[in-house]
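The values are calculated or read from the model by the stated rules, or taken from the named source; none is laboratory data. Keep in mind that this is a model prediction, so the values were computed, not measured. Here Cβ is always computed from backbone atoms with ideal geometry, including for glycine, and neighbour counts include all displayed protein chains. These area figures cover heavy atoms from the full protein model, side chains too; ligands, DNA and RNA do not enter into them. Shrake-Rupley method; radii C 1.70, N 1.55, O 1.52, S 1.80 Å.
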Amino acid sequence: MKRAGHLYDSICTPDALLAAYLAASRHKRSHRACFEFSRNLGANLSELQRELQSQTYQPRPCSQFMVTDGRKPRLIEAPAFRDLVVQHAVYAVTSPLFEARYISTNFACRVGLGTHKAADWLQAAMRRAPRTDWVLHVDVRKFFYSIDRDILMLLLERFVKCAPTLDLMAAFAKRPDATGVPIGNLMSQTFANLYLNSLDHYCKRTLKVADYARYMDDSIMLAPSRAIGLAWLASIRQHLAMIGLEISHYSLHPIKRGANFVGFRTWATARFVRPHVISALRADARHGRLESVISRLGHAKRTCSLKPLTQFLKEKHHAIFVRLPKSYRHSHNAHTAPA
């Protein structure tokens, strides 16, 4: 495998840093940190370039806060805005190296992919699978917090031989704890994808899993029988142990029971949002949070849940309903076909 060198100079150019600023500021124009950086944009970008070229740049401490809107609380470690700009510059130069090695059904944090594409793939796979197949769904325990940074650097060195670039990436992987990478960093998404890339290739090439996909630390596959699913599970457990990871929980069940994956409950003939999305939408509607309601409906847009959700808003929260985009206001009258 040919490694890429001489990447660092491409990260430090004025054009690269300006493009990185534009990417970092997208959807953050109203954030104070973005506003403060933008007030003296030229000087701030020049200072970043000077620090990078002299190799004196160091990321500032991340802001920490807890997020509790999911299945389990997560500690988010958000970078300073100037560090986010540098991360975007590094990402723009290095991501093509990693993208070329990913399998097509790795849906996490990649341009043009995401949760809806992953759900589409799963439903298509379930439709073409025999009704006797089984679904194996595997989740990694405390994935971001368990990443071994020494192993991560070895994986990065398989693709990158530019020492200053490797040092810069290592700086973004640091945490106070002995293991793990910060949740909430752009580069951490790349680190996570790369770390489990070996599992993807192991499942596809060694285990010969025909229908396999992954979204970050959630892997899902269709097995011809329960016995084969159990054999795959044992092999996956062994492979994860080699890189310092373990399985948090798994599900192995007949395909007719559907699957919970990337925020949807999916069957071959239908797809629904998870119950917590419905509860969150109702709470948002009660508190008049229009933008959040629209976001929840966007998540449900290609599911059988959209029609009852918009009908609920029309009947119970008409003031919110009449402010929705037309596509949602009309959806309660239309048949919502499975995606």
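Odds and ends about this structure:
- Qualifying positions in the range 300-313 - open to solvent by less than 80 Å² (accessible area, probe 1.4 Å) and either assigned to a helix (DSSP H, G or I) or of a type in the set (Val, Ile, Thr) (or both): Ala300, Thr303, Leu306, Pro308, Leu309, Thr310, Gln311, Phe312, Leu313
- With respect to being part of a loop (DSSP other than H, G, I, E, B) and under 30 Å from Phe261 (Cα atoms), Lys28 fits the description.
- Entry remark, the range 188-217: residues being closer than 19 Å to Asp133 by Cα and acidic (Asp, Glu) number 1 in total.
- All of (1) more than 19 Å from the chain's Cα centre (by Cα); (2) surrounded by fewer than 16 Cβ atoms within 10 Å (Cβ to Cβ); (3) not aromatic (Phe, Trp, Tyr) hold for Pro73 with one exception: (1).
- Selected residue (criterion: surrounded by the fewest Cβ atoms within 10 Å (Cβ to Cβ)) from residues of the range 45-67 that are in contact with a Lys or Arg (Cβ under 8 Å, 6 or more places away or on another chain) and closer than 28 Å to Pro275 by Cα: Met66
- Enumeration of residues in the range 16-44 that are under 27 Å from the mean Cα position of the chain (by Cα), open to solvent by 40 Å² or more (accessible area, probe 1.4 Å) and not basic (Lys, Arg): Leu18, Ala19, Leu22, His27, Ser30, His31, Ala33, Phe35
- Residue pairs whose Cβ atoms lie under 8 Å apart, sitting 6 or more positions apart in sequence or on different chains, and linking a residue in the range 86-109 that is without any contact (Cβ under 8 Å) to a residue 40 or more places away in the chain to a partner that is open to solvent by 20 Å² or more (accessible area, probe 1.4 Å), are Glu99/Arg110.
- Residue that is farthest from Arg131 (Cα to Cα), among those in the range 218-235 that are out of contact with any helix residue (DSSP H, G or I) (no Cβ under 8 Å at 6 or more places or on another chain) and open to solvent by less than 30 Å² (accessible area, probe 1.4 Å): Leu233
- Taking the range 236-261 as the range and being outside any strand (DSSP E or B), open to solvent by less than 30 Å² (accessible area, probe 1.4 Å) and either among the polar types (S, T, N, Q) or under 14 Å from Leu136 (Cα atoms) (or both) as the test, the residues that pass are Ile236, Ile255, Gly258.
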